[in-house]
Amino acid sequence: MVRAFAEKGVSQARDNYARFKDLAESHNGTMEAVFITASKDASEFSARLVEIVKANTTANLDFARALSGVKSPSEAIELWTSVCTENLNRVDDVMESPKLAE
């Protein structure tokens with residue numbers, strides 16, 4: 001009686017293990033595809049972020065160069081206003097970019 005009960009338990013454990021193994025193997029491909037896609041998207045996002053940082057650095061250096069050539073406070077304020085407007089337009093363009101939204 002005890003032996004039959006133990007054999008039945010072992011048999012059920014083997015069946016459950018086989019089902020679990022089949023499920024794991026069938027979903028393994030799906031999980032692999034998800035991680036590959038996520039990795040690709042993260043790389044693309046990082047590249048876009050580097051592009052944005054580069055553009056921002058260039059704009060700041062251009063502003064500093066232009067600011068060093070002003071001759072009066074009113075020219076400095078006019079330059080600063082112009083640069084701020086350009087930066088806000090650039091931010092709007094980046095935020096509306098389909099590359100960033102994807």
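The values are calculated or read from the model by the stated rules, or taken from the named source; none is laboratory data. These numbers come from a predicted model, not from an experiment. Neighbour counts run over all protein chains shown; Cβ positions are idealised from the backbone, glycine included.
Below is a table of values for the structure above.
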read-out	value
Residues (of a type in the set (A, V, I, L, M, F, W, C) and more than 19 Å from residue 95 (Cβ to Cβ)) located in region 46-78	61, 63, 64, 66, 67, 70, 76, 77
Single residue of 71, 40 found to be out of contact with any Pro (no Cβ under 8 Å at 6 or more places or on another chain) and outside any loop (DSSP other than H, G, I, E, B)	40
Test result for residue 73, loosely packed, with under 11 Cβ neighbours inside 10 Å, of a type outside the set (A, V, I, L, M) and modelled with pLDDT of 90 or more	yes
Subset of region 41-70 [modelled with pLDDT of 90 or more, surrounded by 11 or more Cβ atoms within 10 Å (Cβ to Cβ) and of a type in the set (Gly, Ala, Ser)]	66
Check on residue 14, in contact (Cβ under 8 Å) with a residue 24 or more places away in the chain and either of a type outside the set (Phe, Trp, Tyr) or touching a helix residue (DSSP H, G or I) at 6+ places or on another chain (Cβ under 8 Å) (or both)	no
Options 48, 65; residue that is in contact with a Lys or Arg (Cβ under 9 Å, 6 or more places away or on another chain) and assigned to a helix (DSSP H, G or I)	48
Qualifying residue in region 22-36 (condition: among the acidic types (Asp, Glu), assigned to a helix (DSSP H, G or I) and exposed (fewer than 10 other Cβ atoms within 10 Å of the Cβ))	yes
